[in-house]
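What follows draws every value from the coordinates through simple rules; no lab data is involved. Keep in mind the model is a prediction, meaning the values are calculated, not measured. Cβ sites come from the backbone with ideal geometry, for glycine too, and all protein chains shown count toward neighbours.
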Amino acid sequence: MQLIHKGIALDREDRRTIWRIVLPSLVELVFTQLFAMVDTIMLGQTDISAVAIAAVGLTNNPVNLVNGVLTALHIGTTAAVAWAVGAGNENAARSITRTALTLSLILGTFASAVLYFPAGQLVTFMGAQEDTYLYAKEYLEIVALGMLPAMVGFACTASLRGIGLTRLPMAYNLAGNLFNVIGNYALIYGRLGMPELGVAGAAISTTISRYVACTLALLVLFRGHSKLRLHIREDFRLRKEWLKRIFGVGVTSGLEQLIMQIGFIMFARTVSGLGTVIFAAHQIGLSVNGLTWMPGQAFGVAATTLVGQNMGAGNPEKAKSFVRVIWRYSVLVALLIAAIFLLFSQYIVLAYTNDPEVARLASTVLKIIAFGMPGIATQLPIASALRGAGDSRFPLYASAIGIWVFRVLVAPLFVYTFGWGLNGAWYTIALDQTTRAVVVYLRFRTDKWMHIKSKLAG
């Protein structure tokens, strides 16, 4: 049986290739998000449930701003490595990886500094109330110390994904996240001989787990048997030719993340004005919503890798066929998740909180999320495919329009002027995702991305 799109056939082996990349990535991303959700769930069972959840939520946007902008450069790493492999140049792929690791050391140090020193000012800007300020500040300061290993780990993962190897990143990231869950249990509640540290305990556990995952990732690259195996005595300088390729995609993706995260911060400030209880419900919605992104992101990893490899091999029509099939798989999975949210939202939120008002508000949010699922399932893999081809401008345009029109400009109208409160905020999220999906899909349909002169080609 073959899937045929405009004369290009994907046989069983092609489809197996898709799932060989998607499934380990999906397992890794889903479990990573589930473990992150455990942080929120565990804090939600403390005596200061709403305050703890809100405090951690206040730190998410500053962390995601720095994290998103800098790790976006690793999108360029995945694409550059994929192109090199597609062109049959494994030496170039290893050299790109070495440059990416060196760059990550610099970026990680910078990320830690810009979050740690102004931590108090950042959480105040995010709208911290008197009851959340000290918890949020302490959490952010501790988490900032884990940015260096996080950046290095991202570089390792990006390079391995570029050669189509996703099982090993799945393994070491799951190990790090499992450590985080155990650490949360011990340090939040004071179990296993550890002190009871509450919110600070969650931060300490998160930071240590990042060092664990980073160490395992480096062992994979330096002691493993992949095509990217490195040696400590090799040249780890920032090589200009590889930086140009990484930044060729990564800078635009970084700018996209900057635009998105600033928009998210402004959006969070809009919602935080509704009060601690409502903001806690909002954070539960964001936590669960993060899970809805995981299938789209996993299919996006496959799209970036397979488009990059096929474009590097001079086969754009095959790249296009892969994207069409990946997109359809992504939408089918998204519809299944949407059905679960519509049917079981009230039960899902009870895992997070013992506050009935928070649970009621969050349950409605999950139902709104369900209607945004097709947009998420479309925009993530198609935008990733465009980046894999070196066409990163339209994902930028899509994000800018979706975020700044709906989450920045429309959200205050829905929330305050129309009086829709938290529901109004989440209506704008659904509209944002749908708009982004339309923009990148229309670009994909033009086929112009197949014929651009990519900086990834050197």
*Could you tell me which of Tyr211, Ala302, Met450 has its Cα farthest along the dipole of the chain towards the positive end, charges placed at Cβ (Lys, Arg +1; Asp, Glu -1), taken about the Cα centre?*
Met450
_Going by average Cβ density within 10 Å per residue, which order do the peptides 137-146, 357-366 take, highest to lowest?_
137-146, 357-366
*Hey, could you grab the Kirkwood Rh for region 280-382? Inverse mean 1/r over distinct alpha carbon pairs, Å, one decimal.*
14.7 Å
*Answer with one residue from Met170, Gln261, Ile429: the one whose Cα lies farthest towards the positive end of the charge dipole of the chain, charges on Cβ with Lys, Arg +1 and Asp, Glu -1.*
Met170
*Placing +1 at every Lys and Arg Cβ and -1 at every Asp and Glu Cβ, with all other atoms neutral, what dipole size does region 109-191 have around its Cα centre, in debye to the nearest 20?*
440 debye
*Can you give the relative contact order of the chain as a percent, counting alpha carbon pairs under 8 Å and 6+ residues apart?*
22 percent
*Between Ile401 and Asp131, what FRET efficiency follows from the Cβ-Cβ distance if R0 is 41 Å, with the result rounded to 0.05?*
0.65
*If you bin the C-alpha pair distances of region 5-127 every 5 Å from 0, what whole percents do you get?*
2, 8, 10, 12, 16, 15, 11, 9, 7, 5, 3, 1, 0
*Bins of 10 Å from zero: percent of alpha-carbon pairs in the chain*: 5, 21, 32, 27, 13, 3, 0
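Please list 30-36, 193-199, 275-281 highest first by mean number of surrounding beta-carbon atoms within 10 Å per residue.
Highest to lowest by the protection proxy: 275-281, 30-36, 193-199.
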*How large is ³J(HN,Hα) for each residue in region 104-119, as worked out from phi by the Karplus curve 6.51 cos²θ - 1.76 cosθ + 1.60 (θ = phi - 60°), to whole Hz, x for Gly and Pro?*
5, 4, 5, 5, x, 4, 4, 4, 4, 5, 6, 9, 6, 5, x, 3
